[in-house]
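Just dropping this structure here.
The values are calculated or read from the model by the stated rules, or taken from the named source; none is laboratory data. Just so we're clear, the structure is a prediction, and the values are computed from it rather than from any experiment. Cβ atoms come from the backbone with ideal geometry, glycine included; neighbour counts cover every protein chain shown.
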Ligand SMILES: O=P(O)(O)O[C@@H]1C[C@H](O)[C@@H](CO)O1
Ligand SMILES: O=c1cc[nH]c(=O)[nH]1
């Protein structure tokens, strides 16, 4: 992929953020326009060193997930599904110059890892959103494809999030800015969620539902695990909490959806969260699936999203 800008182009700056009749990617930072160069440090990309419009201008779908290997596997899968040239095995990590995140591009689909938890995905999203903005991308759909703990549903179920809630079951993300707390909405695109659910119905034996997703700051104490290094609550308290979550509409728990929904919503990205559940937290805490089952479960959101993307691109006669 041609990525490094010739010296003569190094002063090139993106145009203003307006694209007639299209939904552009917004940045809401008055300082950005005045910057001579924007270095996307954690992605090892920049506006002077890379021709971002040439590299990424055609991106229409961005898929993100915690694990670098999963996101590479997804890119290879998309390569096959979109019937792109070659076998996709040698697909290049665009962010190879940093080991913070990895990024792969297959046609109009970008696949990026975000690590675990709100701080990690938040840093990636700041730089990704600026990247899409600098590249003048428009009409971008972004989907988090992840794993989660289910509440009261069979392991292996795929949950499409209608709204992300915090540990108090509230649809909000509280961003600490300097020494202020700013509350942001965590609503996701309802039409996109419904389209994804309809798409899932075309896949045989594919348990899928729409529900609230609870996003916590921690895997163990934050999610009521009895198996962490620290645990100061009883089994009864844990179950009482998870049952109250279920009653509030929560069907799964993970660690990124609130900030993902908040940031994408503010920046004009059509966003969805699709996570497979690895266990039912009313039944257990330890994830003891065999490797093969774990791999198969993790592929479920990938299969759904690949079918969805193919449909969107008019390749629906070739569903997996
Ligand atoms: O996308 P992944 O599968 O990494 O998402 C969940 C939430 C945490 O990042 C992690 C905890 O195991 O998995
Ligand atoms: O229980 C789980 C499983 C995966 N990811 C989570 O955040 N929680």
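Out of the stretch 173-183, which residues are touching a strand residue (DSSP E or B) at 6+ places or on another chain (Cβ under 7 Å) and either surrounded by fewer than 17 Cβ atoms within 10 Å (Cβ to Cβ) or over 12 Å from residue 259 (Cα atoms) (or both)?
Within the stretch 173-183, 174, 175, 181, 182, 183 meet the criteria.
Of all residues in the stretch 32-54, how many are under 14 Å from residue 126 (Cα atoms) and over 20 Å from the mean Cα position of the chain (by Cα)?
4
Additional query: If you check 145, 129, 112, which single one turns out to be at pLDDT 95 or above, within 24 Å of residue 299 (Cβ to Cβ) and away from ligand 2 (no atom under 15 Å from the Cβ)?
None of the other options fit; the residue is 112.
Name the single residue that is farthest from ligand 1 (Cβ to nearest atom) among those in the stretch 277-288 being touching a helix residue (DSSP H, G or I) at 6+ places or on another chain (Cβ under 7 Å) and assigned to a loop (DSSP other than H, G, I, E, B).
In this case the residue turns out to be 282.
Considering only the stretch 162-172, state which residues are away from ligand 2 (no atom under 13 Å from the Cβ) and either under 16 Å from residue 298 (Cα atoms) or touching a strand residue (DSSP E or B) at 6+ places or on another chain (Cβ under 7 Å) (or both).
Listed by number, the residues that qualify are 162, 163, 165, 166, 169, 171, 172.
Here's a follow-up. Identify, please: which residue in the stretch 242-276 is out of contact with any helix residue (DSSP H, G or I) (no Cβ under 8 Å at 6 or more places or on another chain) and assigned to a strand (DSSP E or B) and is, among those, surrounded by the most Cβ atoms within 10 Å (Cβ to Cβ)?
Top of the filtered list is 252.
Continuing with this model, one more query. Given the conditions (1) free of Cβ contacts under 8 Å to residues at least 60 places away in the same chain; (2) more than 19 Å from residue 64 (Cβ to Cβ); (3) within 15 Å of ligand 2 (Cβ to nearest atom), report the number of the one that residue 216 does not fulfil.
Condition not satisfied by residue 216: (2).
Moving on. Looking at (1) buried (at least 22 other Cβ atoms within 10 Å of the Cβ); (2) touching a strand residue (DSSP E or B) at 6+ places or on another chain (Cβ under 8 Å), find the lone condition where residue 155 falls short.
With respect to (1) buried (at least 22 other Cβ atoms within 10 Å of the Cβ); (2) touching a strand residue (DSSP E or B) at 6+ places or on another chain (Cβ under 8 Å), residue 155 is out only on (1).
So that you can scan it fast, the table gives a plain yes or no per residue for (1) within 16 Å of ligand 2 (Cβ to nearest atom); (2) in contact with a strand residue (DSSP E or B) (Cβ under 8 Å, 6 or more places away or on another chain):
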{"residue": "185", "(1), (2)": "no, yes"}
{"residue": "205", "(1), (2)": "no, no"}
{"residue": "211", "(1), (2)": "yes, yes"}
{"residue": "221", "(1), (2)": "yes, no"}
{"residue": "230", "(1), (2)": "no, no"}
{"residue": "247", "(1), (2)": "no, no"}
{"residue": "255", "(1), (2)": "yes, yes"}
{"residue": "258", "(1), (2)": "yes, yes"}
{"residue": "273", "(1), (2)": "yes, yes"}
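Surrounded by 17 or more Cβ atoms within 10 Å (Cβ to Cβ), touching a residue at least 12 places away in the same chain (Cβ under 8 Å) and more than 16 Å from ligand 1 (Cβ to nearest atom): is that true of residue 208 in this structure?
Against the criterion (surrounded by 17 or more Cβ atoms within 10 Å (Cβ to Cβ), touching a residue at least 12 places away in the same chain (Cβ under 8 Å) and more than 16 Å from ligand 1 (Cβ to nearest atom)), residue 208 qualifies.
Okay, next question. With the condition kept exactly as written, say whether any residue in the stretch 112-128 is crowded, with 24+ Cβ neighbours inside 10 Å, within 13 Å of the chain's Cα centre (by Cα) and free of Cβ contacts under 8 Å to residues at least 60 places away in the same chain.
Yes: one or more hits.
Look through 192, 239 and report the one residue that is in a helix (DSSP H, G or I), buried (at least 17 other Cβ atoms within 10 Å of the Cβ) and away from ligand 1 (no atom under 16 Å from the Cβ).
It is 192.
Separate question: Among the residues of the stretch 150-189, count how many are farther than 19 Å from residue 215 by Cβ and in a strand (DSSP E or B).
1
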